[in-house]
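> One structure follows; several queries about it will come next.
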Amino acid sequence: MKKNILLLLFLVSCVTLFAQNHKIETNIFGDLVYESTDGRYTATMKKNIFDDLIFTDNRNNAITYEKKYLAKEWAGILGNKQKQTDLLLDLIRQNRRSEGYVAKYSIDIFDKLIIEDNRGYKLEQGKDIFGNEQFAEQRGGMKSSFKKGLNGTLEYSEGTNRASVRKYGLDKWRYEDSFENEIDFSEATWQRLMQRYGTDEDIFFVLIDQFFYR
């Protein structure tokens, strides 16, 4: 217990120290400008002519949040300097020890979320024409994806491995994957799982966590 209290006090002191050892000002262009007390680290949050927010710092990190993404994920931030300041400080905490990191957050014309960086990461997440959630992700050369078929079958892949959940017959659900796991659920059991987890998709990812990554 004593160790936990000491750790908590240490973390609070670190946050306080971080808050005190910098200044944030708004320049003549309306951009937020951050500078550490020693002057060794600087960062800026600016809004471009398209109303995108762009974070940059003196370590060549650059992160762009396009206007449509901001409207969906950070409602009201473009007219709120405090929200912009909070985002700026979060990005500084995440990136001040990085160098040359470039990322972009956007939503395309099909309302699909796209996150992409210069380190081989890419995420595309949205709904198909039938309103079913789907995503495709690439991380360190490994590709993964999730989709829901027209017949309700849920499919997940990572590299060459696969997992799926489908309903067969009138009252059975089946999970199976590349590791020879095959589990059948009665309708009553599936409904109890629905009450606990909420959706078929949520149940599927619980099963993936339990069996796919063991």
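> Quick one: count up the residues across the stretch 91-110 that are surrounded by 14 or more Cβ atoms within 10 Å (Cβ to Cβ), touching a Phe, Trp or Tyr at 6+ places or on another chain (Cβ under 8 Å) and farther than 23 Å from GLY126 by Cα.
4
> Which numbered condition trips up LYS143, out of (1) closer than 19 Å to MET45 by Cα; (2) surrounded by fewer than 15 Cβ atoms within 10 Å (Cβ to Cβ)?
Of the numbered conditions (1) closer than 19 Å to MET45 by Cα; (2) surrounded by fewer than 15 Cβ atoms within 10 Å (Cβ to Cβ), the odd one out for LYS143 is (1).
> In addition: Select from the stretch 120-140 the residues that are of a type outside the set (Val, Ile, Thr) and loosely packed, with under 13 Cβ neighbours inside 10 Å and list them in ascending order.
Across the stretch 120-140, the qualifying residues are GLY120, PHE130, GLY131, GLY140.
> Okay, next question. Quick check on my filter: what residues within the stretch 62-81 are of a type in the set (A, V, I, L, M, F, W, C) and outside any helix (DSSP H, G or I)?
Those that are of a type in the set (A, V, I, L, M, F, W, C) and outside any helix (DSSP H, G or I): ALA62, ILE63, TRP74, ALA75.
> Sticking with this one: Could you tell me which residue of the stretch 34-90 is surrounded by the most Cβ atoms within 10 Å (Cβ to Cβ), considering only residues that are among the acidic types (Asp, Glu) and closer than 14 Å to ILE24 by Cα?
Once the filter is applied, the top-ranked residue is ASP57.
> Tell me, please, whether a residue that is of a type outside the set (A, V, I, L, M), open to solvent by 40 Å² or more (accessible area, probe 1.4 Å) and closer than 26 Å to LYS72 by Cα can be found in the stretch 176-188.
In the first step, residues of the stretch 176-188 are kept if they are of a type outside the set (A, V, I, L, M); the result is 176-182, 184-187.
Filter once more, so that each one left must be open to solvent by 40 Å² or more (accessible area, probe 1.4 Å): 176, 178-182, 184, 186-187.
In the following step, the residues that additionally are closer than 26 Å to LYS72 by Cα were identified as none.
Checking the stretch 176-188: not a single residue is of a type outside the set (A, V, I, L, M), open to solvent by 40 Å² or more (accessible area, probe 1.4 Å) and closer than 26 Å to LYS72 by Cα.
> Of the residues GLN94, GLN84, only one is in a helix (DSSP H, G or I) and free of Cβ contacts under 8 Å to residues at least 12 places away in the same chain; which?
Going through GLN94, GLN84 in turn, the sole match is GLN94.
Here is a yes/no grid of residues against (1) in contact (Cβ under 8 Å) with a residue 24 or more places away in the chain; (2) within 18 Å of ASN61 (Cα to Cα); (3) outside any loop (DSSP other than H, G, I, E, B):
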site: GLY100; (1), (2), (3): yes, yes, no
site: LYS104; (1), (2), (3): yes, yes, yes
site: ILE115; (1), (2), (3): no, yes, yes
site: GLU124; (1), (2), (3): no, no, yes
site: GLY131; (1), (2), (3): no, no, no
site: ALA136; (1), (2), (3): no, no, yes
site: SER144; (1), (2), (3): no, no, yes
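The values are calculated or read from the model by the stated rules, or taken from the named source; none is laboratory data. Note that the coordinates shown come from a computational prediction; the quantities given were computed from them, not determined experimentally. Reconstructed Cβ throughout: ideal geometry from the backbone, glycine too, with neighbour counts over all protein chains shown. For accessibility, only protein heavy atoms count, side chains too; no ligands or nucleic acids. Shrake-Rupley method; radii C 1.70, N 1.55, O 1.52, S 1.80 Å.
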